[in-house]
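J.: Supplied in structure tokens, the structure appears directly below.
The values are calculated or read from the model by the stated rules, or taken from the named source; none is laboratory data. Only a predicted model underlies this, so the values are computations on that prediction, with no experimental measurement involved. Please note: Cβ atoms are built from the backbone with ideal geometry, for glycine as well, and neighbour counts cover all protein chains shown.
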Amino acid sequence: MKMKKTSFLATILLTFVSSAFAQESGTLSGSATYGFESDFIFRGFHISGDTFTPSAEGRVNAENSTYYAGVRTALPTKKADNRVKMHEYYLGAEFEVMEDFNIDLGISHFDFIPFTDDSVTEGMIGLTWDTLLSPALYVYADSDNETTTYEGSIGHAFPIDQKSAIMVTGYVGNSEFYTGSTYYGAMLDYSYSFTRYARLTFGVRYVSLDPEEADVLELAIDSDNVTSWGVSFTAGF
């Protein structure tokens, strides 16, 4: 089953990349991020405390579309948590439907190591607007467990100078990831760009969730309101 899913993802990726390079204006870019979060929360669920979150992504930018593929991971640092590691492999394509309005289509496969029986594959569709507050609405459908997650967000970047900015983001969602739960939160980040392709970001996060439903992997939390912090360094080309 896992081999079939991997082959399916690879086939879609090759189709996307081939289509993108067929367009004269296609350009390739890539980035890698090494981050750390004091609390790792996924779809409104508190999965672990201190967690490293390395990721990498490649993108092909065409005239009216972008094709991308990447991997995101969550690697808890504490002995009580580090038996659980999450790996997400994803690919997708974003198309400009009309001016300032885009549709984002993708597919992801999640591995929860060593609980491979809990691995899932889900499809994603998103709508984004390149306007004030950058509103976005995403729907994630888990084909293995027949569950759905809805998440909406808004955000804005306030430039300080040519190299730095403060970014504010707010979001609300409802997830059937293992159990049903409504969650909401906000993030405040400061970003400093060393060059066009390298930047450092750090900030604080707040999320409100249900602690009984959030304890997916038997990792208890004391409150349904979690305040945490995170830092990341991104480099690319």
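J.: Show the residue pairs meeting these rules: Cβ distance below 8 Å; 6+ apart or different chains; first residue within the stretch 155-171 and within 19 Å of THR227 (Cβ to Cβ); second residue not in a strand (DSSP E or B).
T.: Going by the 8 Å Cβ cut-off, the qualifying pairs are GLY155/LEU133; GLY155/SER134; ILE166/ILE160.
J.: Considering only residues of the stretch 98-111 that are surrounded by fewer than 17 Cβ atoms within 10 Å (Cβ to Cβ) and either in a strand (DSSP E or B) or under 16 Å from the mean Cα position of the chain (by Cα) (or both), which is modelled with the lowest pLDDT?
T.: Here is the first cut: in the stretch 98-111, the ones surrounded by fewer than 17 Cβ atoms within 10 Å (Cβ to Cβ) are 98-101, 103, 105.
Remaining after also requiring either in a strand (DSSP E or B) or under 16 Å from the mean Cα position of the chain (by Cα) (or both): 98, 101, 103, 105.
Details: MET98: 90, PHE101: 95, ILE103: 97, LEU105: 97.
Of everything passing the filter in the stretch 98-111, MET98 is modelled with the lowest pLDDT.
J.: Right, here's the next one. Take the residues in the stretch 127-149 that are in contact (Cβ under 8 Å) with a residue 24 or more places away in the chain and of a type in the set (A, V, I, L, M, F, W, C), then tell me which one is nearest to SER108 (Cα to Cα).
T.: My answer is LEU127.
J.: Considering only residues of the stretch 83-97 that are surrounded by fewer than 19 Cβ atoms within 10 Å (Cβ to Cβ) and at pLDDT below 90, which is nearest to the chain's Cα centre (by Cα)?
T.: LYS85
J.: What are the pairs, 6+ residues apart or on separate chains, where a residue within the stretch 39-53 that is among the β-branched types (Val, Ile, Thr) has its Cβ under 7 Å from a residue that is surrounded by fewer than 17 Cβ atoms within 10 Å (Cβ to Cβ)?
T.: What qualifies is THR51/THR77.
J.: Do we have SER175 as touching a Pro at 6+ places or on another chain (Cβ under 8 Å) and not hydrophobic (A, V, I, L, M, F, W, C) here? Steps first, answer last, please.
T.: Numbers: touching a Pro at 6+ places or on another chain (Cβ under 8 Å): no; not hydrophobic (A, V, I, L, M, F, W, C): yes.
Judged against the criteria, SER175 is not a match.
J.: How many residues are outside any strand (DSSP E or B), more than 16 Å from THR66 (Cβ to Cβ) and of a type outside the set (S, T, N, Q) if we restrict to the stretch 125-149?
T.: Residues in the stretch 125-149 being outside any strand (DSSP E or B), more than 16 Å from THR66 (Cβ to Cβ) and of a type outside the set (S, T, N, Q): 5 in total.
J.: If a residue counts only when it is crowded, with 20+ Cβ neighbours inside 10 Å, which strands (runs of 3 or more DSSP E) contained entirely in the stretch 33-82 have at least 2 such residues?
T.: Of the strands (runs of 3 or more DSSP E) lying wholly inside the stretch 33-82, those with at least 2 residues that are crowded, with 20+ Cβ neighbours inside 10 Å span 40-42, 45-48, 65-76.
J.: Within the stretch 142-163, work out how many residues are surrounded by 14 or more Cβ atoms within 10 Å (Cβ to Cβ) and of a type in the set (Gly, Ala, Ser).
T.: The total comes to 3.
J.: Every residue in the stretch 154-202 that is in a strand (DSSP E or B) and β-branched (Val, Ile, Thr), please. So that I can check it myself, show each step before the final result.
T.: Going through the stretch 154-202, the residues in a strand (DSSP E or B) turn out to be 154-159, 164-175, 181-195, 198-202.
Those that are in a strand (DSSP E or B) and β-branched (Val, Ile, Thr): ILE154, ILE166, VAL168, THR169, VAL172, THR182, THR195, THR201.
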